[in-house]
1. With a 1.4 Å probe and all protein chains in place, put B:ASP189, A:ASP149, A:ASP219 in order of accessible area, largest first.
2. Charges only on Cβ, +1 for Lys and Arg, -1 for Asp and Glu: so what's the dipole of chain A about the Cα centre, in debye to the nearest 20?
3. To the nearest 20 debye, what is the magnitude of the charge dipole of region A:109-242 about its Cα centre, counting +1 on the Cβ of each Lys and Arg and -1 on the Cβ of each Asp and Glu?
4. Anyone know which of A:ILE283, A:ILE94, A:ILE244 comes out most mobile in the 10 Å Cα GNM of chain A?
5. Compute the length gained on full extension between A:ASP149 and A:ALA17: take 0.36 nm times their separation in residues and subtract their Cα-Cα distance, giving the result in nm to one decimal.
6. Grab the Cα-Cα distance for A:TYR58 and A:ASP238, subtract it from 0.36 nm times how many residues apart they are, and report the gain in nm with one decimal.
7. Give the residues of region A:356-396 whose amide nitrogen is closer than 19 Å to a point set 7 Å from the Cα of B:GLN59 in the direction of its Cβ.
8. A:VAL113: net charge of surrounding residues, Cβ under 11 Å, Lys/Arg +1, Asp/Glu -1, itself excluded?
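The values are calculated or read from the model by the stated rules, or taken from the named source; none is laboratory data. As the structure is a computational prediction, the values presented were derived from the model and not from experiment. Cβ: placed from backbone, ideal geometry, glycine included. Neighbour counts: every protein chain shown. Note: accessible area is taken over every heavy atom of the protein model, side chains too, but ligands, DNA and RNA are not part of it. Shrake-Rupley method; radii C 1.70, N 1.55, O 1.52, S 1.80 Å.
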Amino acid sequence: MNSLVVANVKQRPLRTALSMAGVALGVILVVLVAGLVRGVSRDTTQRQMNVDSELRVYIDNVNIASGANPLQMPRRYADAIKNGVQPTPEYPDITPRPPVAGVKEVTPVGLWVQNSVGGIGFETVEGIDWESLTKTTGLHIIEGRPINDSRQPEPEFEVIVDRYYTEVNKGLDGKPVRIGSTITALNREFTVVGIYEPSVMSRIKIPLYTMQELTGGADIADNCSFLMVKCERPELADEVRETIKKYYPGLKVIRTDEIPALYSQGLVGLDIFLNVVIAVSVIISTMIILLAMYTTIIERTREIGILKGLGASKPFIVWAIEKEATLISALGVAVGFLISVAGKYFIEASTRLRIDLEWRWLLLGAGMGLVCGLAGALYPAIRAANLDPVEAISYE
Amino acid sequence: MESVLETIKLEMVYRVGKVDVPALRGVDLQAGAGEYVAIMGPSGCGKSTFLHIVGGMLQPTAGQVMIDGEDLTRMTDSQRTDLRRRKIGFVFQRFNLFPTLSAEGNLKLAERIHHKSNGSDSKRRRDLLRLLKLEDKIHHKPLEMSGGEQQRVALARAVINRPAILLADEPTGNLDSENSQIVLDMLRDLNKEFGQTIVMITHNPEAALRADRIIEMRDGHVVGSRRNQ
Ligand SMILES: Nc1ncnc2c1ncn2[C@@H]1O[C@H](COP(=O)(O)OP(=O)(O)OP(=O)(O)O)[C@@H](O)[C@H]1O
Ligand SMILES: [Mg+2]
């Protein structure tokens, strides 16, 4: 940096401050919004992971053709994974296996896909074992009561739904769904006995036993569609997965957070929003630098004429102006960083939002600020370099 | 005497809208190395136009300009800029210093443009400042100096890189007679001590008498040339 550039930056403190503010604003927008998007999505994923199980276990090589019974996985795998397995008189050929280390709870889930009530699209109904499901997930009843296991002689069809379901659906009586409403599942009428939170997988949950009864008879096969496995600690997920695969090669194990549909859906919109914010920031910063440098060029027309009189080449003049813009942008980036960090702590202290200031986004913000400075100054710089020397030097 | 500046049939026509304004109508002029030439003539006769062309700031309509053996009229715009950097020093009626830089800063900037690298000749700078009696003004900004002092700094800046020719367009036009005298003395000293070739436009006959030779212009022509004693 040479003295002319520094002197020029100091010459007009207000202009310098405004240009810096323009660049800083862009940096703050990008860094904070990106941090917010990251923070919110991490928060959401974490919350989801807190209530969901880490692993899903399917039986391999079962191709569920449409119309076939979706309950193809013997439920006893759940017990085998949690408690180990020994040969029994019923299954004398079984290889004994110890319990899978690190497993806290396993719950069987039956999954039934039906036409949506309105006839558009599909909805899924889950058959659950309430007892083990609550130990596997953070599911709890916020209104009403849990479903019974429906094993009494004369089964009543009971269902629980989540809050969202009650808000957007109507019961068979045409009124919004509430406790006591009747809804259709598996072509039968079910009575809503409870509303649960949080939303995990299907919104309609009925007893697994009922699902088995309605799809062929629980006495024929005690089956489910898949198992949910909760580990003692989330970090154990990979270890547990390997052990299950080793003990039971016929099973397929998937990490829940690797099922993209579950977690990314809500975040796509945020990514688009982030891109829009970046674009707007780039435009703001570039325009402000452009305007600031443009007025500077006009104000200093005579000085540019003097430079030309001294034999300064076009690249020299362009570079002198670009250096000035770079210095201003760099200061703006620094100010933007400081305000972003302060903003993070302020927002986190006064709201429940979380902001992750990632290096990636700080670097992007810095790069963006500098590039906008260079780009915004380019047009004024080229104009300055192309000024007619005689006209410039006699400019009033 | 070997000539540092030579113009041959130099013509310049300005185009203003659809009207042609002839400013130079075939100027033939020579200045030898170390010569001090004054140009006089009525307002609008083409003196500044001539100086701007010779300094490479303006492309003539026709004719030739040789500066220290290089033909300026055959050069591209950037080549003329480069010639200006290497061989020309300008002083104008308005002092034309960078207002944000000190006297020293103004000199250093000229050196930086000239050398491209950052090397600067501090002995040359000191000698010049002593000659121009500016030693104690070195850290002053233009607004903190008198008009005479500013013009002396401009003079120092114009010759700091040892240009082949110093071109001065009414350098005393904005100065009172006392400061004019000082600046004219400085030009004389630069010419004597450093052998500086000078072409100076002036309206002041007294100033012109300090030069080696006076060239008279009228209506885009050179109409006379006489040597001073
Ligand atoms: N940029 C321009 N466009 C059009 N005409 C111009 C331009 N510059 C100068 N002229 C015209 O060219 C002629 C010569 O002008 P020039 O400035 O060279 O005169 P000068 O001898 O320096 O006058 P002065 O003593 O008043 O400075 C004048 O008629 C002037 O009006
Ligand atoms: Mg003139």
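1. Numbers: B:ASP189 55, A:ASP149 90, A:ASP219 135 Å².
Descending accessible area places them as A:ASP219, A:ASP149, B:ASP189.
2. So the dipole magnitude of chain A works out to roughly 1520 debye.
3. 480
4. Greatest mean-square fluctuation among the candidates belongs to A:ILE94.
5. 40.5 nm
6. Values: separation 180, 0.36 × 180 = 64.80 nm, distance 1.59 nm.
This chain segment gains 63.2 nm when fully extended.
7. From region A:356-396, the list is A:383-393.
8. Here the count lands on -2.
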